[in-house]
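First the structure, in the form of structure tokens, and then the observations on it.
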Amino acid sequence: MQTNIRHADAASGFASEIILAPPAHHEIVIERVLPASRQRVFDAWTRPEHIMQWWGPHGFTGLQCELDLRVGGHFRIDLRGPDGLDYPCEGIFHEIVVPKRIVYTGMADDRHPCGSGIPPHSRVTVSFDETAPAQTRLTIRARIASPEHCDAIVNGGFVPGWRDSLERLEAALE
């Protein structure tokens with residue numbers, strides 16, 4: 001039996017959906033329509049100087065971003081939270097189709113269930129679909145390894161954290 005929990009905010013263009021389909025997989029889908037071309041949005045996701053401007057919820061500050069944008073390449077984004085703690089975000093790229101899609105996995109680090117935006121024990125696909133000349137639908141699809149990990153990720157603030165990050169991304173694109 002599949003359970004879907006959907007949230008949509010038409011004013012902001014933000015939508016999220018948590019899809020629980022045991023036992024095969026658990027998936028969290030987040031979408032936002034951004035007022036920029038697909039190439040600009042893709043660049044914002046793949047250039048460290050841009051990532052540092054928007055990655056993380058409100059109140060978080062980017063400390064450093066290292067990015068080896070190739071299949072098998074490693075990336076690391078370090079954030080400082082409003083609590084003064086540092087939150088590392090690390091992963092490995094599995095697929096890069098410029099400017100359409102990025103697929104990565106987060107490192108198996110259980111210090112925080114959201115993994116600073118990349119849940120541990122998950123595979124994340126980010127799709128960039130141009131819906132108009134200066135409008136892009138960004139879709140983040142996180143496939144989670146187990147129901148326990150999915151629950152921890154949802155309870156740890158994954159969806160609100162990405163809502164904040166995407167608000168910051170939209171502001172950076174303006």
Exception for Phe60 within (1) modelled with pLDDT under 95; (2) under 27 Å from Ala132 (Cα atoms); (3) buried (at least 19 other Cβ atoms within 10 Å of the Cβ) falls at (2)
Residue pairs within 7 Å by beta carbon, gap of at least six or interchain, first lying in region 42-57 and modelled with pLDDT of 95 or more, second among the polar types (S, T, N, Q) and part of a helix (DSSP H, G or I), listed first then second, are Trp54/Ser165
The residue that is modelled with the lowest pLDDT, considering only those in region 77-120 that are part of a loop (DSSP other than H, G, I, E, B) and within 22 Å of Glu31 (Cβ to Cβ), is Pro113
Open item on the list: Could you go through region 17-35 and let me know if any residue there is within 20 Å of Val97 (Cβ to Cβ) and modelled with pLDDT of 95 or more.
Closed with: no
When region 47-72 is checked residue by residue, the ones that are closer than 24 Å to Ile153 by Cα and among the β-branched types (Val, Ile, Thr) are Ile51, Thr61
- Task: Determine whether Leu169 is over 19 Å from Ile30 (Cβ atoms) and either part of a helix (DSSP H, G or I) or aliphatic (A, V, I, L, M) (or both).
- Result: no
Across region 136-166, the tally of residues that are among the charged types (D, E, K, R) and either within 16 Å of Gln53 (Cβ to Cβ) or assigned to a helix (DSSP H, G or I) (or both) stands at 4
Scanning region 147-167 for residues that are surrounded by fewer than 17 Cβ atoms within 10 Å (Cβ to Cβ) and in contact with a strand residue (DSSP E or B) (Cβ under 7 Å, 6 or more places away or on another chain) gives Pro147
request  = Please indicate, with yes or no, whether at least one residue in region 38-45 is farther than 13 Å from Val126 by Cβ and of a type in the set (A, V, I, L, M).
outcome  = no
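The values are calculated or read from the model by the stated rules, or taken from the named source; none is laboratory data. These figures come from a predicted structure and were not determined experimentally. Note that we place each Cβ from the backbone using ideal geometry, even for glycine, and neighbour counts take in every protein chain shown.
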